[in-house]
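**Student:** Below is a structure I'd like to ask you about.
Laboratory data are not the source of any read-out in this text; all were calculated from the coordinates shown. These numbers come from a predicted model, not from an experiment. As a convention, Cβ positions derive from the backbone with ideal geometry for all residues, glycine included, and neighbour counts pool all protein chains shown.
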Amino acid sequence: MPFLLEVAQPDDAPRITQIHMDAFGSNAIIRAIHTAADKDLKDLRNAVEDKLLADMRDARITVLVVRDVKADKAGKVEVSAVNGNNDADARNIVGFAKWIHPYYPQDNYSPPLWSTPKSADWKVLRPWLDEVIKVEEAIIGQTPRYELTYLAVDTAYARKGIGTTLVQWALDRCDAEAFPAYVESTVEAVAFYEKLGFEIAGRISMDIKEVNGDEDAGFYEEVGCIYSPKNRTEVEVPEGMSGAK
Ligand SMILES: CC(C)(COP(=O)(O)OP(=O)(O)OC[C@H]1O[C@@H](n2cnc3c(N)ncnc32)[C@H](O)[C@@H]1OP(=O)(O)O)[C@@H](O)C(=O)NCCC(=O)NCCS
């Protein structure tokens, strides 16, 4: 089954949003923040799509997609249907990743803001964001890096190397340009990142029950992971210069 890695186009937004919601809609922290006033996550879905379109327009963000394609006899690649769905909007996307490129504090850059749905519960969202910022600051601070903000693969296409393709795109750049990569991973995906060479650098956790009083809610955790660039060419020290500053 051939797959094609491409930069996403605005027409791809509905399908990417669908994959995003399928992957993260049941996540415990997402449900704690959003479902009280937005049971079917409609407001969140709209916010996800708006943010995606803003990210696609941002020159420092690359949204990648993998498409399921087939080649005809002449070797021409054609896009085939996802799960039998011929909807032209779907355009056969089976996974996506959003990468923020490295930037320096003096660039005065910040990625596009989320338009947080009105239905979001700030009792949960505020302490969670505070925790994320605190741990991220401790792990990587202002260090320029490739940062993976979202990654998801259609479950029908799991374990075919699609997630790897979407991450390796940036890791190759990390190695070539000598930047690290950073991701806040769900606990379930840590093994995937470790296989790609990331290392666990910190944990972001919150007792949801403690902040919203929901007796059924538990402890939620994500894991900050760092990839250090490899194969950096050592600068050769000319003879007689060793130890020179
Ligand atoms: C995590 C995710 C992106 C992996 O995508 P994928 O295309 O299935 O991953 P790959 O096929 O490239 O996997 C490469 C390797 O990672 C590891 N891996 C992948 N999924 C794994 C899982 N669920 N459990 C344990 N190891 C896993 C395996 O070692 C795998 O190699 P193998 O299949 O030869 O054993 C996908 O499961 C997903 O979208 N999950 C839901 C959303 C999510 O968790 N996103 C990332 C959180 S930030």
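**Student:** Tell me which of Y157, P127, Q142 sits at the most positive position along the dipole axis of region 106-160, charges placed on C-beta atoms (Lys, Arg +1; Asp, Glu -1).
**Tutor:** Of the listed residues, the answer is Y157.
**Student:** Got a sec? How would S185, S110, S119, S205 order by Cβ neighbour count within 10 Å, fewest to most? Intermediate results must be reported in sequence, preceding the final value.
**Tutor:** Details: S185 20, S110 9, S119 17, S205 13.
Final ranking by Cβ density, sparse to dense: S110, S205, S119, S185.
**Student:** While we're looking at this one, here's another question. Can you list the aspartates and glutamates whose alpha carbon sits under 15 Å from that of K230, skipping same-chain ones fewer than 8 residues off?
**Tutor:** Straight-line reach from K230, under 15 Å: D172, D175, E177, E194, E199.
**Student:** With charges only on Cβ, +1 for K and R and -1 for D and E, what is the dipole size of region 1-63 about its Cα centre, in debye, rounded to 20? If you can, show how the numbers build up before the last one.
**Tutor:** Values: 8 positive and 11 negative charges, 39 e Å.
The calculated dipole for region 1-63 is roughly 180 debye.
**Student:** Hey, which aspartates and glutamates would be in cross-link range of K42, C-alpha to C-alpha under 18 Å, not counting anything within fewer than 8 residues on its own chain?
**Tutor:** The reachable aspartates and glutamates, counting only those whose Cα sits under 18 Å from K42, are D22, D50, D121.
**Student:** Still on this structure, please answer the following. Can you tell me the convex hull volume per residue for the chain, based on C-alpha atoms, in Å³ to the nearest whole number?
**Tutor:** Taking only Cα atoms, the chain has a hull volume of 170 Å³ per residue.
**Student:** Continuing with this model, one more query. So what is the relative contact order of the chain, in percent, for Cα pairs below 8 Å that sit 6 or more residues apart?
**Tutor:** 19
**Student:** Right, here's the next one. Give me the lysines in straight-line cross-link reach of K70: C-alpha distance below 29 Å, same-chain residues under 8 apart excluded.
**Tutor:** By straight Cα distance, K70 reaches K98, K160, K195.
**Student:** With θ set to phi - 60°, apply the Karplus curve 6.51 cos²θ - 1.76 cosθ + 1.60 along region 214-220 and write out the HN-Hα couplings as whole Hz, x wherever there is a Gly or Pro.
**Tutor:** Residue by residue, region 214-220 yields 7, 4, 7, 7, x, 7, 10 Hz.
**Student:** Further question: Based on other C-beta atoms within 10 Å, arrange C174, C225 from fewest to most.
**Tutor:** C174, C225
**Student:** Provide the gained length on full extension for the span I30 to F219, in nm with one decimal, where the gain is 0.36 nm per separating residue minus the Cα-Cα distance.
**Tutor:** 66.7 nm
**Student:** Counting Lys +1, Arg +1, Asp -1, Glu -1, what net charge surrounds T149 among other residues with beta carbon under 9 Å of its beta carbon?
**Tutor:** Its environment carries a net charge of -2.
**Student:** With +1 assigned to the C-beta of every Lys and Arg and -1 to the C-beta of every Asp and Glu, and no other charges, what is the dipole magnitude of the chain about the Cα centre in debye, to the nearest 20? Write down the numbers at each step before the final one.
**Tutor:** Details: 28 positive and 41 negative charges, 98 e Å.
Dipole of the chain, to the nearest 20 debye: 480 debye.
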